[in-house]
Amino acid sequence: MAQHLWQRLTPSCCQQGKCFNFSHLQVSKGNKESPIMTFAPDLTERLARARADLRMGVPVVVCDGDVAGLVCAAETLTAERLADLAGMDAVLAITNHRATTLKVAAYDGDLARVILPKSADISWVQAMADPTDDLRSPMKGPFKTAREGSAVVHRAGIALTKASRLLPACVVVALEDGLAFAAQHDLTRLDAETALATDFSPLDPVISAKLPLDVSEAGRLHIFRPEDGGEEHYAVEIGHPDRAASVLTRLHSACFTGDLLGSLKCDCGPQLRGAMAQMGAEGAGVLLYLNQEGRGIGLANKMRAYSLQDQGFDTVEANHRLGFADDERDFRIGAEILRKLGFSQVRLLTNNPAKVAKLEGSGLTVTQRVPLKVGENSHNTAYLATKAAKSGHLL
Ligand SMILES: Nc1nc2c(ncn2[C@@H]2O[C@H](COP(=O)(O)OP(=O)(O)OP(=O)(O)O)[C@@H](O)[C@H]2O)c(=O)[nH]1
Ligand SMILES: [Zn+2]
């Protein structure tokens, strides 16, 4: 018997009226005459949509129980949209790292909610978020910060801006009815819990094909795609590694400037080529090319960090002045790809003990750390020394 369209498109849990899945909720609220179908985005899809909206400068509505806020990324907020917020109580949420630089008290621990002064215009918002001109024209306080009420929506806003690879700062305005506001202005709405979830998004293998390389003719490239709409990551398999043995492995974080342009500011390019050459010489290995540019802050923010380094700050100070932690990468991605490829033990090419610890924390066995010391030059000596002094890298 032909199924009614509602039945074909509605999860069976919802058809039975037993569904507690938020992503199916709209379906179960629909009725057979006017069903709202599963075409509606689920939580993960809403999250991806929120990231894309913020990158374009479109605000999103974030809800935490009865509390709701309109979240605008500071970096992409326009003067027109800021003008529309006039008369509403707006705060600028910044991370504790950025707050320290601006000498703002971070009463919420990991963040501060700076009350927008009446005179605040778009250049004030951008200068608070972006440290590029901190030295030339320091931001003048005193800054008033919010201490009462919940900071959950603000924390979620900062997490969203980071995930969007924008500066980690957002303007937030409290809303009485987040649902109605989102519907009225056609804005993406999501729960703070979803934005703050640290769950790992599953990665799906997309395709793999032979790729003869100069280091080994027996090369193969695998593409993995995260289900949360994030960036794809790649695995280069060299030779025919024995899945039962410990494989020579490199977790390489993308560095457009070093890997592609031959930048002398870091050691990434020589490390990439050195690791592949070693795998080719041994006849087997796996190089993961993880799209976590700039230790997870994205290329634009890395270049902001470079511009701060031009002003005399080191690589860690630059990240902090921007509002980021030293390292924003998630190494569970690497562990997951290795597992999907059938590897459980690795000999890891790295000088970074934190990488070893994080991989082991994700359930892989690191049987050996293999040092990878190549590419030091007069431009990156100080950078490598800072990583050794502040980030625990082994010289
Ligand atoms: N934010 C930021 N990222 C940088 C900077 N220089 C290089 N990177 C990024 O750092 C990542 C490479 O990290 P490294 O710390 O060199 O290496 P590691 O992967 O932690 O350790 P190794 O395995 O020993 O190489 C790449 O994503 C680069 O784009 C910088 O000054 N600031
Ligand atoms: Zn680099």
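Throughout, read-outs are computed from the coordinates displayed, never taken from laboratory work. Just so you know, these numbers come straight off a predicted model, no measurement behind them. Glycine gets a Cβ as well: all are built from the backbone with ideal geometry, and neighbour counts include every protein chain shown.
Summary table
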quantity	calculated
Descending principal axes extents, the range 43-196, alpha-carbon based, whole Å	41, 30, 29
Note, ³J(HN,Hα) from phi for the range 48-54, Karplus 6.51, -1.76, 1.60, rounded to Hz, x at Gly and Pro	4, 5, 4, 4, 5, 4, 4
Two-site FRET efficiency, residue 147 against residue 354, from Cβ-Cβ distance with R₀ of 45 Å, rounded to 0.05	0.85
Potential extension, residue 185-residue 389 segment - 0.36 nm per residue separation minus Cα distance	68.5 nm
Pairs from 210/340; 103/387; 103/358; 144/390; 140/265; 302/390 whose Cα-Cα separation, in the structure shown, is over 28 Å	103/358; 144/390; 140/265
Where only C-alpha atoms are counted, convex hull volume of the chain per residue in Å³	173
FRET E, pair residue 110, residue 67, Förster distance 25 Å, beta-carbon r, rounded to 0.05	0.90
Residues in the range 359-387 reached by a label modelled at residue 273 [backbone nitrogen below 19 Å; 7 Å Cα→Cβ]	372-381
Length added when fully stretched, residue 367-residue 40, from 0.36 nm per residue minus Cα-Cα	113.1 nm
Estimated distance in nm for a label pair at residue 242 and residue 210, the labels positioned 7 Å out from Cα along Cα-to-Cβ	2.4
Length-normalised contact order of the range 43-196 in % [C-alpha pairs under 8 Å, at least 6 apart]	40
Values of log10 I(q)/I(0), in the order q = 0.16, 0.22 Å⁻¹, for the range 48-127 under a Debye, Cα-only, solvent-free model	-0.67, -1.21
Per-bin percent of Cα-Cα distances, the range 178-312 [10 Å]	11, 29, 29, 18, 9, 4, 0
In sequence order, calculated HN-Hα J values of the range 351-356 (Karplus, 6.51, -1.76, 1.60; Hz; x Gly/Pro)	10, 10, x, 5, 5, 4
